[in-house]
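Engineer: Sharing a structure below in structure tokens format, with a few things to ask.
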């Protein structure tokens, strides 16, 4: 059992432990003696960390007494069986940079590593959730076909006035930048109330929260403004288990891109003195991964933006937004785009107010053929979410760890120190895609 184990990370390099048939772990004699003294029950769990490519492999469950070790003057060479899954996860740490060293980790850190490895090595359940409120009646249909079959349908009377009161309080708080941390208890009260209002069935709750899953929301005009990212159960936001995808597009079809040696990314910043961390955001993204990047810091016309969209695989935009769209110049707005001949795979809008009912930009971007769009909710605090953006692109663009946009989004949410215990002011739209 977990409580009877002690957890370690052992740093290696690819020459030390990655073999085609058998894996080895090299431990310093002093470390090996130390863990034998520390573990009275003899059970340890070890992850191997290749610091050259910043990836963690495991988990390896070991009994100290039965360990098969070959000792030399300085190292104990431990022969390991293969873990159930071989795919490692990206993990960037300057703390683990010395070869053949051993580090004790706590249970919380263990849980994060296991979660990440599990998502990478197992298919993520994907579901469809259709919600409708008509004539004071709330209905939903839920269909999951993979990895299990689960079909649910529910209907009940709905107190629209009570919902409006809750939603008005949410809108008041969300209009304050950074309020998700300042007023955490109030958001939890709102989230718990919304959960009881929209997902009251205990069996359904248990099912959707038993593993990390992607839920595609099918919404109408009466349910579009529901703040699903802020739902909570037992004072925990359920977004720590669920990625809600807002599928505005009428059709989402697979967009076959031409085979290229390298992907390309455009980073766009529309100059503005009141986005203080924009240049830092640009510099941060520019330094991540080995993908080719072009940086544009200027104003644009509509046709120039369209040209950018059609010539890059990822487009990241930093600017101001309002209920109508985003500013691409001091007095010029992008409110909608038409179909694209060669749409990018993913668009990240680091922009406020992308969740407005009147804002049709994201819907039009998805209708143009873009697979994934990430957009801001209400008033963003760029200093708060710079860490999230950094974690997102580190996971997505890491040279040695291939993940899709949904996994990168979820990993960043769980790894970002500023949002790990609250909800996220970015919405995921569309379907996962690899870039």
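Engineer: Which ones in the stretch 159-191 are part of a loop (DSSP other than H, G, I, E, B), surrounded by 15 or more Cβ atoms within 10 Å (Cβ to Cβ) and in contact (Cβ under 8 Å) with a residue 60 or more places away in the chain? Quick ask: steps written out before the conclusion?
Structural biologist: Start the filter on the stretch 159-191 by keeping residues that are part of a loop (DSSP other than H, G, I, E, B), which leaves 159, 175-178, 183.
With the extra rule that they be surrounded by 15 or more Cβ atoms within 10 Å (Cβ to Cβ), the set shrinks to 177-178, 183.
Result: 177, 178.
Engineer: If you take the residues in the stretch 263-278 that are under 15 Å from residue 315 (Cα atoms) and in a loop (DSSP other than H, G, I, E, B), which one is modelled with the highest pLDDT?
Structural biologist: 270
Engineer: Suppose we filter 61, 36, 55 for residues that are modelled with pLDDT of 75 or more, surrounded by fewer than 16 Cβ atoms within 10 Å (Cβ to Cβ) and either under 32 Å from the mean Cα position of the chain (by Cα) or not assigned by TED's automatic domain parsing to the domain that holds residue 76 (or both); which single one remains? Break it down into steps so the answer makes sense when it comes.
Structural biologist: Values: 36 fails: either under 32 Å from the mean Cα position of the chain (by Cα) or not assigned by TED's automatic domain parsing to the domain that holds residue 76 (or both); 55 fails: surrounded by fewer than 16 Cβ atoms within 10 Å (Cβ to Cβ).
Of 61, 36, 55, the one residue that is modelled with pLDDT of 75 or more, surrounded by fewer than 16 Cβ atoms within 10 Å (Cβ to Cβ) and either under 32 Å from the mean Cα position of the chain (by Cα) or not assigned by TED's automatic domain parsing to the domain that holds residue 76 (or both) is 61.
Engineer: Hey, residue 111 hits all of (1) at pLDDT 85 or above; (2) in contact with a strand residue (DSSP E or B) (Cβ under 6 Å, 6 or more places away or on another chain) but one; which does it fall short on?
Structural biologist: That leaves (2) as the condition not met.
Engineer: Additional query: Select from the stretch 347-387 the residues that are over 17 Å from the mean Cα position of the chain (by Cα), touching a residue at least 40 places away in the same chain (Cβ under 8 Å) and either surrounded by fewer than 18 Cβ atoms within 10 Å (Cβ to Cβ) or part of a strand (DSSP E or B) (or both) and list them in ascending order.
Structural biologist: 357, 363, 379, 381, 383
Engineer: Here is a follow-up. Out of the stretch 29-61, which residues are out of contact with any strand residue (DSSP E or B) (no Cβ under 7 Å at 6 or more places or on another chain) and assigned to a helix (DSSP H, G or I)? Spell out the reasoning first.
Structural biologist: Residues of the stretch 29-61 out of contact with any strand residue (DSSP E or B) (no Cβ under 7 Å at 6 or more places or on another chain): 30, 33-34, 36-37, 40-41, 52-53.
Scanning the stretch 29-61 gives 30, 33, 34, 36, 37.
The values are calculated or read from the model by the stated rules, or taken from the named source; none is laboratory data. What you see is a predicted model; the values in this text were computed from it and never measured. All Cβ positions, even for glycine, are placed from backbone atoms using ideal geometry, and neighbour counts span all protein chains on display.
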